[in-house]
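The structure appears below as structure tokens.
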Amino acid sequence: MQLYRETHAERIAKSDQNGMISSVLSVSAPLDVERIRADFPILQRKVNGRRLIYLDNAATTQKPRQVIDALVDFYTTTNANVHRGVHTLSVESTDAYEAARERIGRFIGADRPEEIVFVRNTTEALNLVAVSWGRANLQPGDEILATTLEHHSNLVPWQRVAQETGARIRLIRLTLDGTVDLDDYRRLLSPRTRVVAVAHASNVLGTISDLGTISEMAHKVGAIVVADGAQSVPNVPTDVRTLGPDFLAFSGHKMLGPTGIGGLWGRLELLEEMPPFLGGGGMIREVFEDRATWAPLPEKFDAGTPNIADAIALGVAIDYLDDLGMSNVRAHEVEVAGYALERLASIPDVTVYGPSDPRVRTGVVSFNLEGVHPHDAGTVLDEAGIAVRAGHHCCQPLHRVLDVAATLRASFYVYNSADEVDALVDALATARRLYQRKTA
Ligand code: PMP
């Protein structure tokens with residue numbers, strides 16, 4: 001099957017035709033990469049005796065000194081539980097935790113901080129919606145539309161709630177360049193549709209979904225839109241009010257923040273109507289022998305002691321991104337990914353998945369090297385100090401459509417540079433030589 005891939009010849013023909021790649025390369029550098037790199041201690045280390053070239057940012061990003069310091073500072077000076085104490089440390093800790101919620105809300109265009117629920121990660125955010133909203137609202141005959149490019153975390157929770165409630169899942173096809181096929185979406189949408197689960201950006205193809213149109217169409221039939229922002233919030237300036245979904249999930253660790261903290265933004269009226277996800281301390285108003293009533297938002301979704309330090313450090317990560325400017329972050333990503341797409345096209349046996357225009361994709365570039373298993377290529381790259389990911393990237397339905405078991409994925413962020421792309425291409429050429437010799 002030849003879907004969603006372009007051969008070397010096709011890519012060259014396209015770039016010659018519209019001059020797109022050369023025009024992208026002529027954009028002046030939007031970020032001072034050398035200055036940024038100095039903030040990331042891990043980038044000083046060596047791997048297998050070589051300078052670390054970290055191109056696995058779609059899996060998780062590295063952390064700047066400011067974020068690491070925020071964690072150390074919290075535990076050194078402020079550590080106390082939130083919301084439950086009248087002592088000074090508890091008040092300071094609560095203030096910093098709630099300030100982080102506000103900070104995160106502003107970053108994605110939320111109207112109010114109560115619209116932000118702290119979660120561990122995107123996966124937990126999406127499970128929260130599927131369980132809390134889904135169990136309360138879905139019934140037999142209802143339909144959940146998900147796209148073929150969903151990460152398992154925006155598919156499996158819906159499969160589980162569908163099995164419980166008798167609802168049915170249907171997958172929306174993709175166009176040849178790997179975006180959500182709006183015609184197929186229109187065909188599947190009906191008054192039975194209750195949920196549309198869609199990744200704002202694909203973690204394999206890098207494609208960016210037209211969330212505005214998708215949301216508008218869903219709302220016309222009375223469905224809610226649950227957007228997975230794991231790969232878009234870190235890179236693409238995001239405003240939930242203009243994009244129009246009903247929920248947006250994201251992970252702090254993919255945007256310079258710590259692991260174990262993420263966010264779920266939801267429309268206030270939906271969050272207010274939904275039953276809590278977890279029960280326990282912190283989320284109640286009153287508890288009786290046989291029942292309880294719930295605290296107002298955001299505490300209703302904050303059962304147990306939350307991840308206070310990491311939430312505060314995520315606020316600092318967001319400050320860091322804001323200082324860089326999200327439009328500069330995006331422009332840098334387009335530039336580096338564009339250069340990578342151009343350089344990869346110079347290796348004859350490389351198949352790149354997704355569109356060749358870096359302006360319609362994020363900094364995620366998945367590809368295969370003919371005749372070399374992605375894990376073997378990944379090992380050769382590791383020997384050169386280059387970290388990429390090899391596998392199905394938690395997108396098995398998409399890989400089935402691509403007709404490959406696995407791909408190699410290089411993903412770029414604010415500290416990556418053109419010379420790191422050159423090193424990647426050189427190491428791939430080595431992998432090709434080594435494995436071609438082996439199989440010859
Ligand atoms: N959705 C997408 C598009 C992702 O790329 C990822 C992470 N690979 C996730 C969801 C899940 O994120 P997390 O592991 O932080 O829950």
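What follows draws every value from the coordinates through simple rules; no lab data is involved. Predicted, not measured: the structure shown is a model, and the values here were computed from it. Using ideal geometry, Cβ is built from the backbone for each residue, glycine included, and neighbour counts are taken over all protein chains shown.
Computed on region 182-298, the Cα convex hull volume stands at 137 Å³ per residue.
Grab the beta carbon distance between ALA99 and ARG241, set R0 = 25 Å, and tell me the FRET efficiency rounded to 0.05. Approximately 0.70, to the nearest 0.05.
Based on Cα contacts under 8 Å between residues 6+ apart, region 210-294 shows a relative contact order of 20 percent. For helix 88-107, report the angle its Cα long axis makes with the longest principal axis of the Cα atoms of the chain; keep it between 0 and 90° and round to the nearest 10°. For helix 88-107, the angle is close to 50 degrees.
Ordering LEU256, GLY280, ILE214 by Cα displacement along the dipole of region 210-289 toward the positive end leaves LEU256 in first place; charges were set at the Cβ atoms of Lys, Arg (+1) and Asp, Glu (-1). Among the chymotrypsin sites (Phe, Trp or Tyr not before Pro) in region 282-316, those located in a DSSP loop and surrounded by at most 11 other Cβ atoms within 10 Å of their own Cβ are PHE288. For LYS220, the aspartates and glutamates whose Cα falls under 19 Å of its own Cα, not counting residues fewer than eight places away in the same chain, are ASP142, GLU143, ASP181, ASP183, ASP184, ASP210, ASP246, GLU269.
Once every Cα of region 284-391 carries one equal point scatterer and solvent is ignored, give the base-10 log of I(q)/I(0) from the Debye formula at q = 0.15, 0.17 Å⁻¹, two decimals. Relative scattering, expressed as log10 I(q)/I(0), comes to -0.84, -0.94.
Find the eigenvalues of the gyration tensor of the Cα atoms of region 96-228, then list the square roots of 5 times those eigenvalues as equivalent ellipsoid semi-axes, largest first, in whole angstrom.
25, 19, 14
Taking the Cα atoms only, what angle lies between the long axis of helix 308-324 and the longest principal axis of the chain, rounded to 10 degrees? So the helix axis and the longest Cα principal axis differ by about 50 degrees.
Suppose only helical runs count, i.e. DSSP H with n ≥ 4. What mean residue ellipticity at 222 nm does that imply for the chain under -39500 (n - 2.57) per run, divided by all residues and rounded to the nearest 500 deg cm²/dmol? Show your work: numbers first, answer last.
Values: 16 runs with 170 residues, N = 440.
Taken over the chain, the calculation gives -11500 deg cm²/dmol.
About the Cα centre of region 279-401, how large is the charge dipole given +1 on each Lys and Arg Cβ and -1 on each Asp and Glu Cβ? Please answer in debye to the nearest 20.
Working: 9 positive and 18 negative charges, 78 e Å.
I would put it at about 380 debye.
Given +1 at the Cβ of Lys and Arg, -1 at the Cβ of Asp and Glu and no other charges, the dipole of the chain around its Cα centre is 1000 debye to the nearest 20. Projected area of region 133-173, taken from the Cα convex hull and averaged over every viewing direction, in nm²? One quarter of the hull surface, i.e. the mean projection, equals 2.6 nm². Computing FRET efficiency as 1/(1 + (r/R0)^6) for THR293 and GLU370, where r is the C-beta to C-beta distance and R0 is 56 Å, gives about 0.35. When the Cα atoms of region 89-167 are aligned to their principal axes, the ranges along those axes come out at 50, 25, 21 Å in descending order. Summarise the long-distance tail of P(r) for region 25-139 by giving the % of C-alpha pairs beyond 16 Å. I get 78 percent for the Cα pairs in region 25-139 exceeding 16 Å.
With the biggest extent put first, the Cα atoms of region 344-440 measure 37, 33, 22 Å across the principal axes.
Sum up the charges of everything whose Cβ sits under 14 Å from the Cβ of ASP69, counting Lys and Arg as +1 and Asp and Glu as -1, but leave ASP69 out. If you can, show how the numbers build up before the last one.
Numbers: positive: LYS63, ARG65; negative: ASP39, ASP73, ASP310, ASP319.
Charge balance near ASP69 sits at -2.
Multiplying the residue separation of ASP422 and ASP183 by 0.36 nm and subtracting their alpha-carbon distance yields 82.1 nm.
Relative to the longest principal axis of the Cα atoms of the chain, helix 418-439 runs at roughly 60 degrees.
According to the calculation over all Cα-Cα pairs in region 250-314, the P(r) per 10 Å bin from zero is 20, 43, 30, 7, 1 %.
Test of understanding: given the chain, find the longest segment containing no trypsin sites (Lys or Arg not before Pro) that are in a DSSP loop and have at most 13 other Cβ atoms within 10 Å. Counting at most 13 other Cβ atoms within 10 Å as exposed, the longest clean stretch of the chain is 85-290. In this label model, ASP322 and ALA38 are separated by 2.4 nm, measuring between points 7 Å along each Cα→Cβ vector.
With r as the distance between the Cβ atoms of THR76 and THR213 and R0 = 35 Å, compute the FRET efficiency 1/(1 + (r/R0)^6) and round to 0.05. Display every interim value, and only then the final one.
Working: r = 48 Å, r/R0 = 1.38.
So the FRET efficiency works out to roughly 0.15.
Once you reduce region 126-183 and region 367-440 to the center of their Cα atoms, the two points are 30 Å from each other. Computed over the chain, the range of Cα coordinates on each principal axis works out to 74, 54, 38 Å, biggest value leading.
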